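Peer 1: Pasting a structure here, questions to come.
The values are calculated or read from the model by the stated rules, or taken from the named source; none is laboratory data. As the structure is a prediction and not an experimental result, all values here were calculated from the model. Reconstructed Cβ throughout: ideal geometry from the backbone, glycine too, with neighbour counts over all protein chains shown.
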Amino acid sequence: MAEQKKAPLLKKEEDYVKALDGFFTKEDQVALLLDYDGTLAPLSEELSAMPKDTEINIKKLAANDKIFMVVFSGRDLAEIKNHLKFPNVTYAGNHGLEVEYPSGKKFKIEMPEELLKKHQELVNELKEKVVLHGAWVEDKKISVTYHYKGVNDKLKAKLIETAKGLIQGHGFQLIETPYALEGKPRVNWDKGEGAKMILQKHFEADWDKKLKIIYAGDDTTDEDAIKVLHGLGKTFRVSELPTLKTYANYQIKTVEEVGWLLKAIQSVYEVKKK
C-alpha cells in the first residue's frame, strides 16, 4: 500500500535529467498529465501566464505525436481551454469532471443536483463572511479552496476559524493545507478518478501497460491522482514546504522549476549535436 512520505527534492536542472534517465525513449507513447494553477503557472485569483520557458516547452511537447498531454484545472473547461488555446491538448476542467479531447469529443460527469446546490451555498457564504484582508475563495465547482496566504497574522486566526466552521457546517470534508483550507464533497470523485477515466477512454482498459506516465501537480487534490498512478510512472509534487509528505516520487520547489522538468522531457526528443 502506498504511503505519503518525504520525497527527494530536485534542486538543479541536471537532477531532472537524472530523474527521467532511461524512463522513456522517443519511441514510447508518453502520457503527460499536468495541473495548471500552481504547477504550470503561478496560482492567483485569475488565470495567470506561464513562465516563458515553460510555455516554449509546453508548445513543443503538445505538438509531439508521441505525447498525449492532459492539462487539469479546477476551473471551468472553457476557461482553461480559451486561456491555453493549444489544439492538441486534452483539457480537463473542474478537476476532470469535464473533459475535452483534441478530436472535440467531450465527456462530463454529472454531480447530484443537491450537492451542486450545497456547494454553491458554501461558496456564497465564504465569499460573504471571510473574503477580507486579501483572502480569497477559489471555486473549483466540485470542491472549494479558501486562500489566506496574504492575510496579516493578527487577523488570520479568526478568519480561519470562521472558514473551518462554514466548510464543516455545510457537510464538506475539511482539508487543511499551508495557506489554505479545502472543502471537498463526500463523493467518490477526485482527480485520481479523473486521470484514470481520461486514460482509459483514450487508450482502453490496459492503458497502464501501453504508456509511460508523467504527472505533476501542486495541490492536495493532485495527491489523489499521484496515489492512483503510484508505481505506474514518474510523479512530481510542486511545493515549497520542507516537511512535505507526498505519494509523489519527487518534490519540485517552484513553478519556475517545473520548466526544468519540461525541458528535461523535451531533451529526450532533441538530437544532440556532436
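Peer 1: Between residues in the stretch 224-239 that are under 14 Å from A31 (Cα atoms) and residues that are of a type in the set (K, R) and not in a helix (DSSP H, G or I), which pairs lie under 9 Å by C-beta distance while being six or more apart or on different chains?
Peer 2: Close Cβ pairs (under 9 Å, with a partner that is of a type in the set (K, R) and not in a helix (DSSP H, G or I)) amount to I226/R237; G233/K212; K234/K212.
Peer 1: Just one of the numbered conditions (1) surrounded by fewer than 18 Cβ atoms within 10 Å (Cβ to Cβ); (2) at pLDDT 95 or above is not true of L261; which one?
Peer 2: All conditions pass for L261, except number (1).
Peer 1: Another question about this same structure. Report, by residue number, each residue of the stretch 254-274 that is part of a loop (DSSP other than H, G, I, E, B), of a type in the set (S, T, Y) and more than 25 Å from K209 (Cβ to Cβ).
Peer 2: Within the stretch 254-274, just T254 meets the criteria.
Peer 1: Moving on to the next point. Right, K149: outside the structural domain of L97 (by TED's automatic domain parsing) and over 27 Å from L115 (Cβ atoms) or not?
Peer 2: Yes, satisfied.
Peer 1: I'd like to know if the stretch 147-165 contains one or more residues that are among the polar types (S, T, N, Q), farther than 30 Å from A63 by Cα, in contact with a helix residue (DSSP H, G or I) (Cβ under 6 Å, 6 or more places away or on another chain) and at pLDDT 90 or above.
Peer 2: Yes, some residue in the stretch 147-165 is among the polar types (S, T, N, Q), farther than 30 Å from A63 by Cα, in contact with a helix residue (DSSP H, G or I) (Cβ under 6 Å, 6 or more places away or on another chain) and at pLDDT 90 or above.
Peer 1: Can you find even one residue in the stretch 27-37 that is modelled with pLDDT of 95 or more, surrounded by fewer than 16 Cβ atoms within 10 Å (Cβ to Cβ) and either in contact with a helix residue (DSSP H, G or I) (Cβ under 9 Å, 6 or more places away or on another chain) or of a type in the set (F, W, Y) (or both)?
Peer 2: Scanning the stretch 27-37 turns up at least one residue that is modelled with pLDDT of 95 or more, surrounded by fewer than 16 Cβ atoms within 10 Å (Cβ to Cβ) and either in contact with a helix residue (DSSP H, G or I) (Cβ under 9 Å, 6 or more places away or on another chain) or of a type in the set (F, W, Y) (or both).
Peer 1: Specify the residue that is surrounded by the fewest Cβ atoms within 10 Å (Cβ to Cβ); the eligible residues are those in the stretch 86-104 that are more than 24 Å from N188 (Cα to Cα) and at pLDDT 90 or above.
Peer 2: So, considering only residues that are more than 24 Å from N188 (Cα to Cα) and at pLDDT 90 or above, the one surrounded by the fewest Cβ atoms within 10 Å (Cβ to Cβ) is G104.
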